[in-house]
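For reference, the structure discussed in these notes is given below.
All of the numbers you see were taken from the coordinates with simple rules; none came from a lab. The structure displayed is predicted, hence computed values, not measured ones. Here Cβ is always computed from backbone atoms with ideal geometry, including for glycine, and neighbour counts include all displayed protein chains.
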Amino acid sequence: MQTDQATLKDRHHKILQTIQSHVNPAKGSPAELIAVSKTQPESQVRAVFALGQRLFGENYAQELQDKAEALKDLPIHWIYIGHLQSNKLKKIVTYASEIQTVASFEHARHIARHAREAEKTPFPIFLEVNAEGETSKSGIPAEDILPLAKRIETELPELKLRGLMVIPPDSYSDEACKDVPELYRKLRTLANQVGEGKLSLGMSNDLRIALEAGSDFVRVGTAIFGRRS
Ligand SMILES: *Cc1c(COP(=O)(O)O)cnc(C)c1O
């Protein structure tokens, strides 16, 4: 379903207002909004770009390539937030300007090599943490994050380690949580110790609690574009 321009404008504006109302005085700058455009047609991306949005998130390598090619007249900053596979990394490095879902040293090493070949160094990455050690979810267990971060910083100068990215379990939502969950506070503290110390946490359903926890990047799809078909 295509969402009309007026609705997109209202929703986008509302998200930006929520972000603005949660600026941490100690930090000063608002969290950055990544509009998650997976499965959305090119026309919807153009419509949201027209509202001033510049960061867009994509989850699939081929879809990223198709959209980046179709929209190359626009200065969009594509951020890859999907599952990584070694054989797709070259394509992703070619079209994305940042990868937020790095979950192994092997993938980091391949990204470093492709970034060097594409002359896109230092290439920005986030480590994806598996928030509660759920085996069904991707990401690195929290206790392995700091050693991996250190190894990447020592051995892969082609990368710029920006911080931590998290997809929390569905049970964490603005509706279910009145206060900032303990888990979110722990993630904030852990992210401070990783590279540039950025935290990418918060989606449509947990936007408020993620902002209250001090997230630096929120990734919002449904609340802007509507339900994905
Ligand atoms: C799809 C997706 C989002 C956006 O989720 P919404 O609930 O639609 O806001 C955010 N982050 C990641 C990693 C995603 O895959």
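Side notes on the structure shown:
- The helix-based estimate of mean residue ellipticity at 222 nm for the chain, built from -39,500 (n - 2.57) per DSSP H run of four or more residues and divided by its residue count, is -11000 deg cm²/dmol to the nearest 500.
- Cβ crowding within 10 Å, taken as a proxy for footprinting-reagent exposure, orders 165, 203 from fewest neighbours to most as 203, 165.
- Segment 99-109 - phi-based ³J(HN,Hα) in whole Hz, Karplus 6.51/-1.76/1.60, Gly and Pro as x: 10, 9, 10, 7, 10, 7, 5, 4, 5, 4, 5
- Ascending count of other beta-carbon atoms within 10 Å, so fewest first, for 56, 105: 105, 56
- Rg/Rh for segment 141-229 (Cα atoms only, Rh after Kirkwood) is 1.03.
- By other beta-carbon atoms within 10 Å, ranking 43, 104 with the fewest at the front produces 43, 104.
- Convex hull projection area averaged over all views, the chain, Cα basis, nm²: 12.3 nm²
- Computed about the Cα centre, the dipole magnitude for the chain is approximately 340 debye when only Lys and Arg (+1) and Asp and Glu (-1) carry charge, each at its Cβ.
- When each of 14/120; 14/91; 88/160; 9/91 is checked by Cα-Cα distance, pairs over 29 Å: 14/120; 14/91; 9/91
- When +1 charges are put on Lys and Arg Cβ atoms and -1 charges on Asp and Glu Cβ atoms, the dipole computed for segment 8-95 relative to its Cα centre reaches about 140 debye.
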